[in-house]
Amino acid sequence: MTIQDFGINTSEVYPVTDSRQVLSPTQNGAAEPVFFAIQGEHHDGHRFITELYKKNVRQFVVETAALTPDLRHELAQLPDARIHEVGSSLKTLQELAAEHRSRFTIPVVGITGSNGKTIVKEWLAQVLSPDFRIQKSPKSYNSQLGVPLSVWPLNENHTLGIFEAGISKPAEMQALQSIINPTVGIFTNVGPAHDEGFRSQKQKVAEKLRLFRKAETLIYRKSYSEIDEEIHLLLKAVNPTIRLISWSTDQAAAVPVSYALKPIGTQISVQWEGRNYRVEVPFSDSASLENATHVLLATLVLGVTDANLLRERFARLRPVSMRLELKEGIHRNLLIDDTYNNDLAGLSIALDFLNQQDASRQKVLVLSDLLETGMKPDELYPAIARMVAEKGVSQLVGVGPEMGGYQSVFTVPTRFYATTNALLQSGYLNELTDSVILVKGARRFSFESVVSRFVQKSHRTVLEINLDALTHNLNFYRNKVGSQTKIMVMVKAFAYGSGSAEVASLLQYHRVDYLAVAYADEGAGLRQNGITLPILVMNPAPESFRQLLDYNLEPEIFSFRILEEWRQFLKEEHPQQGAEKPVVKYPPIHIKLDTGMHRLGFLPGEITALGEVLTANPDLRVASVFSHLAGSDEAEHTAFSQEQYRQLIAGATRLEQILGYRPLRHLLNSAGIVRLPDFKLDMVRLGIGLYGVEVSKLEPQQVQAVGTLKTIISQIKDLKAGETVGYSRRGVLTRDARIATLAVGYADGYDRRLGNGVGQVWVNGVLCPTVGSVCMDMTMIDVSETQAQEGDEVILFGQPISIADLAERIGTIPYEILTGVSERVKRVFYRE
Ligand SMILES: *Cc1c(COP(=O)(O)O)cnc(C)c1O
């Protein structure tokens, strides 16, 4: 069957291959989905045709071999479905994508090689995005399936395509070549990854080179002699006119390249068409330099040759996201689980992350031999040793036959084990306490078993905290207030449910000015976790005064009573301290003024008297004078907020006159920063906005969701109409339904008011309503509209179920949803 026989116009439809995919038109504006039923190892798309039909999919590509009499019967029940019967759905998808590609004459970059494909693609797109409208592979979509899905959205608006191609078996590249049909090729490098499928390195290189059969230009590093040889032997034979851009730092090549180490990063110089180009990149490991050189040459080939422009853009290159997870482990350890990549760039990112954790803990790196860097051990391990020393690692635990031979290059204490098993059996891991442990190993070392020594794998509810989103939100508010205004971050109530110590560590790393907690023991907890920032305690009480003093926590003073109690306490502690000559320095205090909230604080009429008490006790130093807005989130209260502001200024001014010095003034919370920026004063107090909810609703798109509450399906059952689900038989089924039981309940913080269909959860791309009442530890949902299996992940809130929406459904505020997540729910922190 040929393409024409289909009547499928690739510009008008978009392909769907994963039945769980959310159905929505793609970037090319095509409105109609076509489902390609693909038979995989663990999955057969043909099983989901009727379900997709119910979701309004009408075109299906199916395989003759899969059409059992039952399936044929099933398909016959779908009145207006168009069924395209083919030999192989995947092959058809590929042929259609290749046909689609052939309609465009724009430059297309095709990237293959063992390592660095995704990074080169992402960087190239970063550098070229001002000049081109680019279609590129999402993430590392580089397979037989990923490539056609990446190319399909190409349309007339695009001026450049960038696609990566990865293969694991001989004869796979031919199909990818015809789909990508690159005009410019990049062969990143060749290493031992995916060796299994090939007889030899030579065969692998030869197969990969097929991608460039019709390319006009090919960029590659001459030092990979197998690549260089095969190009001249094979590629030149089929593509004699190809322009070869070989580069090298140490041998004769078309493009001489040199690297010079700079204080931050490296300068790359290339000799290109008689001119010398120099750019600086913020990296110095050899993998990143190789990738950046490929990107630079591709940029020049594509005609972007303005030296100043290039310098600017290369200086801005950033590491490509790779997810790093931070978990709490046994023996008060924190664990960073980095099993996502295995190169030097990845190690450098992970070490930065390790370094920014709790300063008081020892930092342990458990590292296997690095197998995919393309570096010789003689260069590699000294490079690692340098990084390890720079990034504050206190102890290196090396695993593998290779690293042990380089013991002498490391300057930090080391231990080496030949195998993962030897490490596990040594008992050393059990000795680690109060440490942050980064575990990073090549797949073949199965470091999962090391990780599971420290954390029990969670088979139930977790709250995932996206630290990148937190950083993004902090930066958003920082930019709003500018560099002249300090930021105090509220980390009360377990950092709004997100986990105080970890969030505080990140904030300390990003150098916020102050933290604030509700109670002294929250502050003490932060100090025990290495937080040295000033900390305000909003509800001090006499029984906690000792903690304030011991941990240098700064009390909010809101009444004459608490002021007198604090003064008395200090006097009893240090009877010899006289007003003239202070013996000890007490933590400073913060004066709270009540300007209309009527919660805590001195009223305007009390300020003169307050000033007199303070003047009589000069060792009670006032760090700030502040107040809290009652209605900063709603426009209707703006006049009231203005009046509160006026009163704060009046009160603070009066107090300063009496004191003779000027403490900080502050008023705004998150909503106030956005709605009333004129009142930012010396400092703002950032709370819920940092945690991903923009409560003024003026700029909701500017903050990113931080927390995602997830659980799993414990059991699924098919029930008949008329049966009931849960306590008091509240969930009455009006039709036959598949009901799944979730491992989450109101004791975890999934609000009971979300029961009986009020709440919806996200299962494999579909919103599913709750059924019956939420129980203490369990919740039932209707999964009839999705494909769900026991053990599947379920999202309760976060992306894509907004906390604001959830709060609205049950008549509460986002604050309650966030802080309601019980402490028994494990927090997992991650960076993309
Ligand atoms: C909690 C709190 C804040 C932060 O409020 P958000 O609305 O979460 O930004 C600011 N100031 C005081 C006194 C608070 O108690």
Legend entry - From phi via Karplus (6.51, -1.76, 1.60), per-residue ³J(HN,Hα) for region 745-756 in Hz, x at Gly/Pro: x, 5, 5, 8, x, 8, 4, 5, 5, 7, x, 6
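Counting only heavy atoms of the protein chains, get the accessible area per residue of region 104-315 (1.4 Å probe) and round it to a whole Å² value. Present the calculation step by step, with values, prior to reporting the outcome.
Values: 8380 Å² over 212 residues.
With the other protein chains kept in place, region 104-315 gives 40 Å² per residue.
Over the chain, what is the relative contact order in percent, taking alpha-carbon pairs closer than 8 angstrom and at least six residues apart?
Numbers: 1670 pairs, mean separation 69.0, N = 832.
Over the chain, the number comes to 8 percent.
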Legend entry - In degrees, nearest ten, helix 286-301 long axis to first principal axis of the chain (Cα): 60
Legend entry - Amide H contacts of Val190 (H built 1.01 Å from N, under 5 Å, at least 5 apart or other chain): Ser114
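Could you size up the charge dipole of region 104-315 around its Cα centre, putting +1 on the beta carbon of Lys and Arg and -1 on that of Asp and Glu, and report it in debye to the nearest 20?
Details: 22 positive and 20 negative charges, 43 e Å.
Rounded to the nearest 20 debye, it is 200 debye.
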Inset, instruction - Rank Leu365, Leu380, Val409 by how far each Cα sits towards the positive end of the charge dipole of region 324-457 (+1 on Lys, Arg Cβ; -1 on Asp, Glu Cβ) and give me just the farthest. - result: Leu365
Inset, instruction - Search the structure for amide H atoms under 5 Å from the amide H of Lys826, placed 1.01 Å from N in the peptide plane, and list their residues when 5 or more places away or on another chain. - result: Leu463
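What does the charge add up to near Ala520, with Lys and Arg as +1, Asp and Glu as -1, over the other residues with Cβ less than 13 Å from its Cβ? Could the numbers behind the result be given before it?
Working: positive: Lys492, Arg527, Arg546; negative: Asp521, Glu522, Glu543, Asp550, Glu554, Glu556.
Once positives and negatives cancel, what remains is -3.
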Legend entry - Descending Cα extents along the principal axes, region 104-315, whole Å: 45, 40, 31
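Could you tell me the relative contact order of region 265-331? Use alpha-carbon pairs under 8 Å, at least six residues apart, and round to a whole percent.
On the way: 51 pairs, mean separation 20.0, N = 67.
Normalised by residue count, the contact order of region 265-331 is 30 percent.
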Legend entry - Per-residue HN-Hα couplings for region 626-637 [Karplus 6.51, -1.76, 1.60; θ = phi - 60°; Hz; x = Gly/Pro]: 8, 8, 10, 7, 7, x, 6, 8, 10, 4, 4, 9
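In debye, nearest 20, what is the charge dipole magnitude of region 465-692 about its Cα centre with +1 on Lys and Arg Cβ and -1 on Asp and Glu Cβ, if you could check? Mind dumping the intermediate values first?
Numbers: 22 positive and 25 negative charges, 106 e Å.
The calculation lands at about 500 debye.
Can you give me the % of accessible surface on region 324-457 that is carbon or sulfur? Probe 1.4 Å, all protein chains present, nothing else counted. Intermediate values should be presented prior to the final figure.
On the way: 2540 of 5520 Å².
After summing per-atom areas, the C and S share lands at 46 percent.
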Legend entry - Residue-normalised accessible area of region 465-692, expressed per residue, 1.4 Å probe, Å²: 41
Legend entry - Long-range amide H partners of Ile557 with built H, under 5 Å: His590, Ile591, Lys592
Inset, instruction - Using only Cα atoms, find the angle between the long axis of helix 500-509 and the longest principal axis of the chain, and express it within 0 to 90 degrees, rounded to the nearest 10. - result: 80
Legend entry - Share of carbon and sulfur in the accessible heavy-atom surface of region 104-315 [1.4 Å probe, %]: 50
Inset, instruction - Set Lys and Arg Cβ to +1 and Asp and Glu Cβ to -1, take the dipole of the chain about its Cα centre, and tell me which of Thr433, Pro263, Leu396 lies farthest positive. - result: Pro263
Legend entry - Positive dipole terminus of the chain, leading residue within Ile245, Pro800, Ile186 (C-beta point charges): Ile245
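How large, in percent, is the carbon and sulfur part of the accessible surface of region 542-654 at a probe radius of 1.4 Å?
On the way: 2980 of 5640 Å².
Here carbon and sulfur together make up 53 percent of the probe-accessible area.
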Inset, instruction - Any chance you could look up the accessible area of Asp70 with a 1.4 Å probe, heavy atoms only, rounded to 10 Å²? - result: 120
Legend entry - Mean accessible surface per residue for region 324-457, computed with a 1.4 Å probe while every protein chain stays in place, in Å²: 41
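Rank-order 570-577, 524-531, 107-114 by packing density, defined as the average count of other C-beta atoms within 10 Å over each peptide's residues, highest first. Don't skip to the answer; put the middle values down first.
Working: 570-577: 12.5, 524-531: 19.2, 107-114: 25.2.
The densest-packed peptide leads the list: 107-114, 524-531, 570-577.
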Inset, instruction - Kindly report, to the nearest 10 Å², the accessible surface of Tyr645 as traced by a 1.4 Å probe over protein heavy atoms only. - result: 60
Inset, instruction - Report the dimensions of region 707-801 along its three principal axes from the alpha-carbon atoms, largest first, rounded to Å. - result: 37, 26, 20
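Can you tell me the dipole magnitude for the chain around its Cα centre, using point charges on the Cβ only (Lys, Arg +1; Asp, Glu -1), in Debye to the nearest 20? Can you show the working numbers first?
On the way: 86 positive and 94 negative charges, 160 e Å.
Rounded to the nearest 20 debye, it is 760 debye.
The values are calculated or read from the model by the stated rules, or taken from the named source; none is laboratory data. From a predicted model like this one, the values you see are computed outputs, not experimental measurements. Every residue, glycine among them, receives a Cβ derived from its backbone with ideal geometry; neighbour counts consider all protein chains shown. What goes into the accessible areas is simple: the full protein's heavy atoms, side chains included, and nothing from ligands, DNA or RNA. Shrake-Rupley method; radii C 1.70, N 1.55, O 1.52, S 1.80 Å.
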